[in-house]
1. Could you list, ordered by first residue, the pairs with Cβ atoms under 6 Å in which the first is in the range 126-148 and surrounded by 12 or more Cβ atoms within 10 Å (Cβ to Cβ) and the second is of a type in the set (Phe, Trp, Tyr), at least 6 apart or interchain?
2. Going by what's in this entry, would Phe52 be described as at pLDDT below 80, of a type in the set (A, V, I, L, M, F, W, C) and under 25 Å from Ile259 (Cα atoms)?
3. Given the conditions (1) over 30 Å from Ile259 (Cβ atoms); (2) not assigned by TED's automatic domain parsing to the domain that holds Ala234, which single one is not true for Tyr63?
4. What residue, of Phe76, Phe99, is surrounded by 13 or more Cβ atoms within 10 Å (Cβ to Cβ), within 18 Å of the chain's Cα centre (by Cα) and within 30 Å of Ala200 (Cβ to Cβ)?
5. If you check Ala43 against the conditions, is it surrounded by 15 or more Cβ atoms within 10 Å (Cβ to Cβ), under 30 Å from Ala202 (Cβ atoms) and either touching a Gly at 6+ places or on another chain (Cβ under 9 Å) or at pLDDT below 90 (or both)?
6. So for the range 65-84 (the condition being free of Cβ contacts under 8 Å to residues at least 60 places away in the same chain, out of contact with any His (no Cβ under 9 Å at 6 or more places or on another chain) and not in a helix (DSSP H, G or I)), does at least one residue qualify?
7. What about Ile112, is it touching a helix residue (DSSP H, G or I) at 6+ places or on another chain (Cβ under 9 Å), of a type in the set (A, V, I, L, M, F, W, C) and either assigned to a helix (DSSP H, G or I) or not assigned by TED's automatic domain parsing to the domain that holds Ser79 (or both)?
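The values are calculated or read from the model by the stated rules, or taken from the named source; none is laboratory data. Keep in mind the model is a prediction, meaning the values are calculated, not measured. FYI the Cβ positions are ideal-geometry reconstructions off the backbone, even for glycines, and counts take in every protein chain you see.
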Amino acid sequence: MKSLNGARIRGMILRYLLLALGTVIFTLPMIYMISTSLRPNGALYEYPPRFFPKWEALTLENYGYILNQSKFYVNFLNSVFVSLSTITLAAAVSSAMAFVLGKFKLKANKLIFGFIILTMIIPGTTMIVPQFELATKLNLVNQLWGLIPFYVAWVIPFSTFMIKGFMENIPGEIMEASWIDGASVWTVYTRIALPLASPAIASVSIFNFLTAWEEYPWANTVINDTSKRTLPIAIAGFFGQHQFTQWGYVFAMSVLTLIPVVLIFILCQKFFVQGLTAGSVKG
């Protein structure tokens, strides 16, 4: 008995040590980013280098500079507009597709779902050239609306895949009873399926928000007007300015950019966990 308890204790200690090591590895870059944002730009090049700045060297001048720039608020609002539009349109389209694929036995369902899975395998960077040609023909270059339809197209396959598993677990008796009472397909979808699938929709919307909020290559390809840039392009604009990269400004703006993401995870944590686990078990 004692040997079993000893082995169990050693196993717990090993697990906690591995968790602590993983936590340190994943949090060190963020800690360094925050510490660098709190020191002057020139302090980054001091020798010997310091991971943590001296207490008396801490300053908020980098944040003050960013917050005093009117273009920061323009870029911030551009990112908010693009991200919210993306998650709204993606939720509407993917939930409707998941409802049809999960609750209706159609002959083409397997073929359609297989095609959706296939599109998830294609790397997004390989599609930049044809996407740019399409955006040019549709007059979407240098427009915020030029980002939204492509972001929606990127996230719909994954969103449909996740929501479909949840839709399949909705009891068919509920829908059948609604149809017997004379409810239309639209009524069942909006009044029954959407409320019950809200945890799954909320969880994929978080992923979709991160995709639109942090995306850089396509936004940098399409947007040239400084007044229409999103935050990732604005952050990249500090690289190479004044013959050297102003890392204090870069990291300060990066920290400010992370605040909405952290708030969304805190506020939607319950839906996020429910959405990831609800569709994993059938029954």
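1. Within 6 Å, the pairs are Gln131/Phe150.
2. yes
3. Going through (1) over 30 Å from Ile259 (Cβ atoms); (2) not assigned by TED's automatic domain parsing to the domain that holds Ala234 one by one, Tyr63 breaks only (1).
4. None of the others qualify; the one that does is Phe76.
5. For Ala43, the condition - surrounded by 15 or more Cβ atoms within 10 Å (Cβ to Cβ), under 30 Å from Ala202 (Cβ atoms) and either touching a Gly at 6+ places or on another chain (Cβ under 9 Å) or at pLDDT below 90 (or both) - is not met.
6. yes
7. yes
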